[in-house]
Amino acid sequence: MLYPRAEIVRSAGAVVFDADYELVLTIVNHGDGNNTISFPKGQLEPEESIEAAARREVEEETGVICKLLPDSLMGVENRYLSDTKRTKFVYWFVGTAVETREQKLESYEQLSVKWMSIAEARDALSRESSRQLLDLCLNFLEKQGKR
């Protein structure tokens, strides 16, 4: 299916692990009333690459500076935004935490950060697609000899 440019929203995010690949970084969205648990992501700025957007969004939403692993684009998630009648494409990467700083949230964002074990994250993630993404990332890390 072809999506005209005016009808798409491009976003990027990352599934970020600690240095030992034992913990995964999640965000809890308190603003939706459901405390939705997911991975950090957000819209691309004009002229921004998807990799730069993924790193920026992780830092803004969590305060964690991450390094994206080489060739770690895990997939593209497609979501229909019924309120704007646009289609959102989210490009997902795998990263590792390098440093932690202060969150840089927008005034409307109500997010908290939680490092979880992989098993805890799999149980807690709010969307099935997030659990599938976590599994893709774990398979990628195993093939890279990181787990």
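The values are calculated or read from the model by the stated rules, or taken from the named source; none is laboratory data. Keep in mind the model is a prediction, meaning the values are calculated, not measured. Cβ placement follows ideal geometry from the backbone for every residue including glycine, while neighbour counts extend to all protein chains displayed. Surface accessibility is based on the protein's heavy atoms, side chains included, excluding ligands, DNA and RNA. Shrake-Rupley method; radii C 1.70, N 1.55, O 1.52, S 1.80 Å.
Tallying residues that are at pLDDT 85 or above and either over 21 Å from residue 139 (Cα atoms) or in a loop (DSSP other than H, G, I, E, B) (or both) within the stretch 93-113 yields 6. Taking each residue of the stretch 125-141 that is more than 16 Å from residue 96 (Cα to Cα) and among the charged types (D, E, K, R) and looking for partners that are at pLDDT 95 or above and open to solvent by 60 Å² or more (accessible area, probe 1.4 Å) with beta-carbon atoms closer than 6 Å, six or more apart or interchain, yields 131/122. The listed residues are 125, 141, 134, and the only one of them that is farther than 13 Å from residue 25 by Cα and at pLDDT 95 or above turns out to be 141.
Got a sec? Which of 96, 87 is farther than 18 Å from residue 51 by Cα, open to solvent by less than 80 Å² (accessible area, probe 1.4 Å) and of a type in the set (Ser, Thr, Tyr)? Break it down stepwise before answering.
Numbers: 96 fails: farther than 18 Å from residue 51 by Cα.
Within the list 96, 87, the selection yields 87.
The set of residues from the stretch 9-58 being surrounded by fewer than 14 Cβ atoms within 10 Å (Cβ to Cβ), in contact with a strand residue (DSSP E or B) (Cβ under 8 Å, 6 or more places away or on another chain) and either without any contact (Cβ under 8 Å) to a residue 60 or more places away in the chain or farther than 22 Å from residue 98 by Cα (or both) comprises 30, 31, 35, 43.
Count of the stretch 66-84 residues, restricted to those that are more than 26 Å from residue 35 (Cβ to Cβ) and surrounded by 12 or more Cβ atoms within 10 Å (Cβ to Cβ), is 6. Take the conditions (1) closer than 17 Å to residue 108 by Cα; (2) in contact with a Leu (Cβ under 7 Å, 6 or more places away or on another chain); (3) of a type in the set (Gly, Ala, Ser); residue 33 misses just one of them, which is (2).
Within the stretch 115-130, track down each residue that is out of contact with any helix residue (DSSP H, G or I) (no Cβ under 8 Å at 6 or more places or on another chain) and surrounded by 14 or more Cβ atoms within 10 Å (Cβ to Cβ). Within the stretch 115-130, 115, 120, 124, 126, 127, 129, 130 meet the criteria.
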